[in-house]
Amino acid sequence: MSASALTTPPNLPKNRASGVNTPLVEVHELVKRFESFTALNNVSLRIGRSEFFTLLGPSGCGKTTLLRIIAGFEHPSAGALRLDGEDLIALGPNQRPINTVFQSYALFPHMNVRDNVAFGLSMLRAKPAVIAERVEEMLALVKLGHLADRRPAQLSGGQQQRVALARALAPRPRLLLLDEPLSALDFKLRKEMQFELKRLQRETNVTFVLVTHDQEEALTMSDRIAVMSEGLLQQVGTPEEIYETPANRFVADFIGEANLLAGRSLGRARDDLVMVRPERVSLKRPGPGVNGKAMGIVTLVTYVGADTIYETELPDSVVVKARMRDREDRFAPGDQVAIDWPDRAERMLGAAPETGVAA
């Protein structure tokens, strides 16, 4: 990262949503091959200014390879990569106004918190007064000023991560890359840090690009999400768009729980694939005036706190899940039920893309 970025705050747009129209990062027809294996297949996307953008997908989908290319740790086989209109491919990692937070945090064990946060600024040869002011600002931002003299071994996992974030943000990068930074934390702390990361991104207005396989992380923190599989972009959209209107079967099945039903299972002439989320499904006891999309038998009941999940089986052995909060009318395995959902809850699914340009 160059020293010129140190005293220049990021450009702060008045409207966060407008960032996509004036992208900070442009990925164009990017390809990455490792001998005979293609990790990225003609991927194109744009990341807006001051946006929290997530690359989401299972292991081996290409998300980490894409992150490493943006960081400068890998070189693409083909394609273009620009930051604010400037070609990045010819620049080394240390020449890019980009910082990365890794899973391991990579804190220096012999340094205290203050010196860890100051490290990047020192490498840029910033003036001592500038370093001191910026370090105090960062420690206040991550709420660790009272622990400035402690060493990493004296901190919790969440505190160590906040130190790593403060160190990465201290030089005012144009772009911050996050490589599955929450994966080593326990469930409760991971939930807390999701909101902490979102807060830090909002307060600094730095563009964040997160890599994760955790759909809940992506839905909780992101302005937009790119879902990837086998080196291809499957869909790019807001969390609501990805969840409510998935572009294809892979996205529907990967994001949350989904009932994926062939039209014939619902007695329809066309055999389109229909997606319905379990929380949109309702069950009723059969009787006069009770209608539904299908009839089924309850096969499994699972209590999960606020909700109860019912698995039902249709006459053709297709399973439909219902996630219900109503405690008054409970069902047991073996009960016959009318299965219903609003027409607007249905989503017809298309085929997966064959190139890296997502829907």
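Every number here is computed from the coordinates shown, using simple stated rules; none is lab data. Only a predicted model underlies this, so the values are computations on that prediction, with no experimental measurement involved. For neighbour counting, all protein chains shown are included, and Cβ atoms are generated from backbone atoms with ideal geometry for every residue, glycine included.
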Taking amide hydrogens as modeled 1.01 Å from N in the peptide plane, which residues meet the under 5 Å criterion relative to Leu40, leaving out close sequence neighbours? Lys32
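Sum up the charges of everything whose Cβ sits under 15 Å from the Cβ of Glu217, counting Lys and Arg as +1 and Asp and Glu as -1, but leave Glu217 out.
Values: positive: Lys63, Lys188, Arg190, Lys191, Lys198, Arg199, Arg224; negative: Asp179, Glu180, Asp186, Glu192, Glu196, Asp214, Glu216, Asp223.
Neighbour charge sum, excluding Glu217 itself: -1.
Cβ under 13 Å from Pro152's Cβ, Pro152 left aside: what net charge do those residues give with Lys, Arg +1 and Asp, Glu -1? Display every interim value, and only then the final one.
On the way: positive: Arg114, Arg150, Arg151, Arg162, Arg167; negative: Asp115, Asp149.
Here the count lands on +3.
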Calculate the spin-label point distance for Glu133 paired with Lys198, positioning each point 7 Å from the Cα along the beta-carbon direction, and give it in nanometres. 3.3 nm
Expressed in nanometres to one decimal, the distance between label points 7 Å along Cα→Cβ at Gln154 and Ser77 is 5.1 nm
Enumerate the amide H contacts of Ser229 below 5 Å, restricted to partners 5 or more residues apart or on another chain; note that Pro and chain-start residues carry no placed amide H. Gln234
Using packing as a proxy for protection, rank 289-295, 74-80, 213-219 so that the peptide with the highest average count of other Cβ atoms within 10 Å comes first. 213-219, 74-80, 289-295
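Highest first, please rank the peptides 104-112, 297-305 by the mean number of other Cβ atoms sitting within 10 Å of their residues. Write out the running numbers ahead of the final one.
Working: 104-112: 13.8, 297-305: 11.8.
Result, highest mean first: 104-112, 297-305.
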Relative to the chain, whose Cα atoms define the longest principal axis, helix 157-169 and its Cα axis are tilted in degrees, nearest 10, by 60 degrees
Which ³J(HN,Hα) values in Hz, rounded to whole numbers, follow from the phi angles of segment 298-311 under the Karplus curve 6.51 cos²θ - 1.76 cosθ + 1.60, where θ = phi - 60° and Gly and Pro get x? 5, 10, 8, 10, 10, 8, 10, x, 5, 10, 10, 9, 10, 9
So which lysines can Lys293 reach, going by Cα to Cα under 17 Å and dropping same-chain residues fewer than 8 places off? Lys284, Lys321
Taking the 0 to 90 degree range and rounding to the nearest ten, how far is the long axis of helix 128-141 tilted relative to the main principal axis of the chain, both from C-alpha atoms? 20 degrees
Using a Gaussian network model of the chain with C-alpha springs under 10 Å, which one of Phe52, Phe37, Phe102 is most mobile by mean-square fluctuation? Phe37
Convex hull volume per residue for segment 112-166, taking Cα atoms only, in Å³: 65 Å³
Asp307's amide H: which non-local residues (gap 5+, or another chain) put their own amide H closer than 5 Å, with H modeled 1.01 Å from N in plane and none for Pro or chain starts? none
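Please give the contour-minus-distance gain from Glu216 to Glu240: 0.36 nm per residue of separation, less the Cα-Cα distance, rounded to one decimal in nm. List each step's numbers first, then the result.
Numbers: separation 24, 0.36 × 24 = 8.64 nm, distance 1.23 nm.
Here the segment from Glu216 to Glu240 would lengthen by 7.4 nm.
What ranking of Ile131, Ile89 emerges when the number of other C-beta atoms within 10 Å of each C-beta is taken as an exposure proxy, fewest first?
Values: Ile131 21, Ile89 13.
Listing Ile131, Ile89 from fewest to most nearby Cβ atoms yields Ile89, Ile131.
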Relative to the longest principal axis of the chain, what angle (0 to 90°, nearest 10) does the C-alpha long axis of helix 113-123 take? 70 degrees
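Over the chain, what relative contact order in percent results from Cα pairs under 8 Å that are six or more residues apart?
Working: 747 pairs, mean separation 64.9, N = 359.
With pairs under 8 Å counted, the relative contact order is 18 percent.
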Cα centroid of segment 100-139 to Cα centroid of segment 183-197, whole Å: 22 Å
State the Kirkwood hydrodynamic radius of the chain in Å, one decimal place, computed from all pairs of distinct Cα atoms. 22.7 Å
Taking only DSSP H segments of four or more residues, each worth -39500 (n - 2.57), what value at 222 nm results for the chain once the sum is divided by all its residues, to the nearest 500 deg cm²/dmol? -7000 deg cm²/dmol
